[in-house]
Every structure is written in C-alpha cells, then in structure tokens.
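None of the figures in this text is laboratory data; all of them are computed from the coordinates on show. Note that this is a predicted model, so its numbers are computed, not measured. Because the Cβ atoms are built from the backbone with ideal geometry, glycine has one as well, and the counts that use them run over all protein chains shown.
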C-alpha cells in the first residue's frame with residue numbers, strides 16, 4: 001500500500017513537471033521591450049568658406065576693455081592712410097556692409113609684423129563708450145607697400161572679427177572712433193573718424 005502511494009505521488013510530480021515544461025515551451029516568458037536610445041542630432045558642418053565663430057570675449061560681450069599697448073618708440077615705420085566706418089567698398093569699388101576698414105602704408109624696406117589694434121567707440125548722444133583690443137594674427141605689411149585690413153567678421157586674408165553687439169551695430173546715434181595701431185620698434189599710429197547717425201548699414 002505504501003509502495004502504491006509512493007508510485008502515485010511520483011507520477012503526480014512527473015505530470016506536473018511535464019505540464020509546466022509544455023506551458024513554458026508554448027508560452028515563453030515575455031521579454032522586456034528593448035529600450036530605444038534617443039536620437040541625438042549631430043551638428044551640421046559649417047558651410048565651406050564660412051568663418052568660425054569667435055571665442056574672444058571682446059567679440060561677444062560689449063564693453064570698455066583696457067588698452068594694453070605699451071610702446072614709446074618714436075620712429076615712423078608705417079602710417080594710416082585711410083580709415084572708414086561707413087560707405088565701405090571692396091577692392092573693385094562695389095558697396096559692402098559698413099565696418100571698420102583701415103589702409104596701412106609701410107614706410108620701410110622690410111616687412112612689418114606683428115600688429116595690434118586698440119580702438120574706442122563713443123556715442124556722442126548718450127556718452128557711452130566702448131574699447132576693443134585685438135592682435136592682428138598673421139597680418140604682414142610688405143616692405144614699401146600699402147595694405148587694407150577689415151574688421152567685418154569675414155574669412156580671408158586681412159579680415160578680422162568685430163563685436164556685433166557693440167555700439168557700432170546697436171546705436172543709431174553719431175559715433176566717434178579713435179584708432180591706434182602698433183607694431184614693435186616704431187611709433188604707434190592713430191586715426192579718428194566719425195560715423196553719421198543712422199546705424200551701421202548692411203549691404204542688401
């Protein structure tokens with residue numbers, strides 16, 4: 001009798017195990033859905049020939065920055081022959097957007113470099129004043145030659161950045177510009193120019 005009970009018990013356990021195995025095979029446990037990864041938009045490359053955004057704080061935050069130029073030389077090695085802040089034209093005489101534009105003439109028989117500039121902008125109505133300093137990286141003034149430099153945020157030889165949040169671009173009042181250009185060993189050259197009321201004009 002005891003043997004029969006043991007046989008029945010074993011048979012019952014076997015049936016339970018086989019039934020469970022069959023159910024698992026027919027209805028396998030559902031897997032958790034894979035977590036989709038968010039798609040991260042990749043930045044588009046800058047168009048060919050476009051200038052890289054400046055990281056210089058003076059090109060981003062307007063203000064009256066200090067003048068670090070220290071030069072007591074008295075010999076004249078170059079001079080500023082032209083300074084423009086409106087009615088600008090390119091080398092072919094075509095109108096371009098208003099920007100600070102200088103023509104420098106080398107009075108020596110050797111190439112001059114490096115150069116640095118400090119200029120101030122004064123609003124003649126509000127009396128606000130700003131000042132900006134910049135090293136003219138890679139600019140070389142050839143011996144005996146004249147060369148034009150532009151502060152217009154364009155890419156290319158002799159083109160440099162400027163703060164588009166400055167008084168030059170935000171004020172519609174008459175502005176006074178005072179410019180200083182320096183290269184080691186020669187006297188600092190200065191120039192002044194006024195910008196008529198109305199704000200900087202952009203070429204259409």
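If r is the Cβ-Cβ distance from residue 111 to residue 155 and R0 is 22 Å, what FRET efficiency results, to the nearest 0.05? Walk me through the intermediate numbers first.
Values: r = 23 Å, r/R0 = 1.04.
The value I calculate is 0.45.
In nm, to one decimal, how far is the modelled label at residue 188 from the one at residue 60, with both set 7 Å along Cα→Cβ?
2.8 nm
Using the Cα atoms of segment 85-153, I'd like the radius of gyration and the largest Cα-Cα distance, Dmax, both in angstrom.
14.5, 45
Using the Cα atoms of segment 57-195 to build a convex hull, what is its mean projected area in square nanometres? Intermediate values should be presented prior to the final figure.
Values: hull surface 33.1 nm².
Convex hull of Cα atoms, orientation-averaged projection: 8.3 nm².
With the contact rule set at Cα under 8 Å and sequence spacing of 6 or more, what percent relative contact order holds for segment 139-204? Present the calculation step by step, with values, prior to reporting the outcome.
On the way: 73 pairs, mean separation 15.6, N = 66.
Once divided by the residue count of segment 139-204, the mean separation gives 24 percent.
With a cut-off of 8 Å between alpha carbons and a minimum separation of six or more residues, what is the relative contact order of segment 57-195 in percent? Don't skip to the end; give the middle numbers.
Details: 329 pairs, mean separation 44.1, N = 139.
That works out to 32 percent.
Of all beta bridges DSSP finds with both residues in segment 64-165, what is the antiparallel percent, to the nearest 5? It would help to have the intermediate numbers written out before the result.
On the way: 22 of 25 bridges.
Restricted to segment 64-165, the bridges split so that about 90 percent are antiparallel.
In nm, to one decimal, how far is the residue 137 label point from the residue 76 one, both placed 7 Å along Cα→Cβ?
Taking the simple label geometry, residue 137 and residue 76 are separated by 3.3 nm.
If you stretched the chain out fully between residue 146 and residue 103, how much longer would it get, using 0.36 nm times the residue separation minus the C-alpha to C-alpha distance? Show your work: numbers first, answer last.
Numbers: separation 43, 0.36 × 43 = 15.48 nm, distance 0.67 nm.
Net length gain for the segment: 14.8 nm.
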